[in-house]
1. Could you pull out every one of the helices (runs of 4 or more DSSP H) wholly within segment 434-504 that has 1 or more residues that are among the hydroxyl-bearing types (Ser, Thr, Tyr)?
2. Scan segment 268-280 and report the pairs whose first residue is under 15 Å from Ile257 (Cβ atoms) and whose second residue is within 16 Å of the ligand (Cβ to nearest atom) and of a type in the set (Val, Ile, Thr), with Cβ atoms within less than 6 Å and a gap of 6+ or a chain change.
3. Condition first: under 26 Å from Asn330 (Cβ atoms) and either crowded, with 18+ Cβ neighbours inside 10 Å or assigned by TED's automatic domain parsing to the domain that holds Gly318 (or both). Can you find one or more residues in segment 227-248 that meet it?
4. Hey, could you check segment 341-365 for residues that are open to solvent by 10 Å² or more (accessible area, probe 1.4 Å) and part of a helix (DSSP H, G or I) and say which is farthest from Pro249 (Cα to Cα)?
5. Is there any pair with a first residue in segment 355-379 that is within 16 Å of Arg335 (Cβ to Cβ) and a second that is part of a strand (DSSP E or B) whose Cβ atoms are under 7 Å apart and which are 6 or more apart or on different chains, and what are they?
6. Out of the residues in segment 380-424 that are among the β-branched types (Val, Ile, Thr) and surrounded by fewer than 19 Cβ atoms within 10 Å (Cβ to Cβ), state the one that is farthest from the chain's Cα centre (by Cα).
7. Could you check Arg168 against (1) away from the ligand (no atom under 16 Å from the Cβ); (2) crowded, with 22+ Cβ neighbours inside 10 Å and say which number it fails?
8. Confirm whether Ile339 is among the β-branched types (Val, Ile, Thr) and within 13 Å of the ligand (Cβ to nearest atom).
Amino acid sequence: MVMVASVLASGCGSSSAPPSLIPWPAAASIGGGDRVGITKTSRIEVSPGAPALQRMGADLAALLRPALDATLEVHESTNAATAGVIRLEIDKTVEGDEAYALNVATNGISIAGRTPAGVFYGLQTLRQLLPSWIELRGVRPREVTLPQAHITDAPRFAWRGAMLDVARHFFSPPELKRYIDLLAMYKFNHLHLHLSDDQGWRIEISSWPNLTAHGSKTSVGGGPGGFYTKQDYADIIAYAGDRFITIVPEIDMPSHINAALSSYPELNCNGVAPAPYTGIDVGFSSFCVDKDITYKFIDDVFRELAEMTPGPYLHIGGDEVKTLTQAQYNAFIERVQPIVEQHGKIVIGWDEVIHAKLLPKTVVQYWRPDASIKPAAHTKLILSPANKIYLDMKYDNAAVLGLNWAGNVDVGVPYGWDPATLLPGVETDAILGVEAPIWSETVTKISDLEFLAFPRIAEVAEVAWSPQSARTWANFRPRLAAQAPRWSALGINAYWSPKIDWVR
Ligand code: TNX
């Protein structure tokens, strides 16, 4: 890995700061020689017959439009890049489904990927090589230049996830799209939606309409709640899909289920629907695990969810059950897994499911800080240790937003974590990747969400993408600091931690 730190400051509008790429690429040589200009007469060319590349080309043109005061055209071509061309290309010789090669040179700019996803990640890197003011909306013509660069890159982990709890507080489709946009910039590829909990049910299920007619109307603190119609959900999936983000829906059970129990008395052992719940306790509610109707309900819900969800996974929750015996819990998890698989999907469960007999494909999401539950050797894992990457934990004792049951997670804590070290004895190839949850007990609006996510989500992005050998805090810190003008231009309500010398 070579990084030429001095970038030539030639011409107006060029920046003298070193390029602040996050996540840092697997191999990069940046800077040296003349900066490369993009002008009104530049052209975007894409491999023929690839609609995803056309779309990405149009998105790049839209990004450049305010600065150029012109919309670059996107053309199909089989020619190699030449001066004045930005080329997006499918190249089967690039190794790795999410890998890309990015070249910025005076004789042309090119991004090659084996798949459209690879090209997309190359484009996110290109975006960060552009001056930060490129992110401003509204026409302000300026000379656009970027440093020469030769980058070949591929992710460390296949699963680079974020989770959002839309149950404790609801987030509207436009708010979700905003978060998806921000995640995509940092090469995340999964967004897990925690769609139900005690305080609210957030997804339309046609066969059990009271889930939304009644169960969606509450949230923590008694706010109005909300839910996604099937159309909203399809729209969110398509929006995420265009950004190579897979939506992973979770219906949490057998506990965290008061919203459903409150909507249908017959799901309760005593046949009486409990009142809606707006507090923040956990573990008190449970499905009636001995009633057949419970499994009819689960089958209906996962059938509809499977029909709505193109991604391969359905998350069944399984966490924090306080009112069942271990035997009841295990039997429940063992009965629910095949229901999900019958609908063609792979089960994910929070780490408590390890106590039950798991189907070979079932994926475990490990959330506890310690290694106190041991997964079987072959079990695939998503790592979300609460004391490292729960982004709903407070930054410090003075913080107002967030919880602190797993301790504070200050800036630098996510970065300092190497996923390979969490579970001694677990093979690294059992680790699908990492996922940073934001539980929303204290989070009521998108600006709160942004405050908890930024800057820590950028740390998680690099933990998930970059080779461990390339990662040091000393190297990351100035790159993080240099994100500030970009985040400001994007209107992100970041936490400007005093630990970072933010570039202003
Ligand atoms: C634990 S970790 C939970 C959630 C809470 C969260 C708050 C896990 C699987 N469950 O129910 O919202 O802590 O940080």
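1. Those helices (runs of 4 or more DSSP H) span 446-453, 484-489.
2. Partner pairs satisfying both residue conditions: Pro276/Thr218.
3. The answer is yes; a qualifying residue exists.
4. Once the filter is applied, the top-ranked residue is His355.
5. Final answer for the pair search is Leu359/Val347; Thr362/Val347; Thr362/Gly349.
6. Among residues in segment 380-424 that are among the β-branched types (Val, Ile, Thr) and surrounded by fewer than 19 Cβ atoms within 10 Å (Cβ to Cβ), the one farthest from the chain's Cα centre (by Cα) is Val400.
7. (1)
8. No, not satisfied.
The values are calculated or read from the model by the stated rules, or taken from the named source; none is laboratory data. Here the structure is a predicted model, which means the values were calculated and not measured. We place every Cβ from the backbone using ideal geometry, glycine too, and count neighbours over all the protein chains shown. Quick note on the areas: whole protein, heavy atoms, side chains included, nothing else; ligands and nucleic acids left out. Shrake-Rupley method; radii C 1.70, N 1.55, O 1.52, S 1.80 Å.
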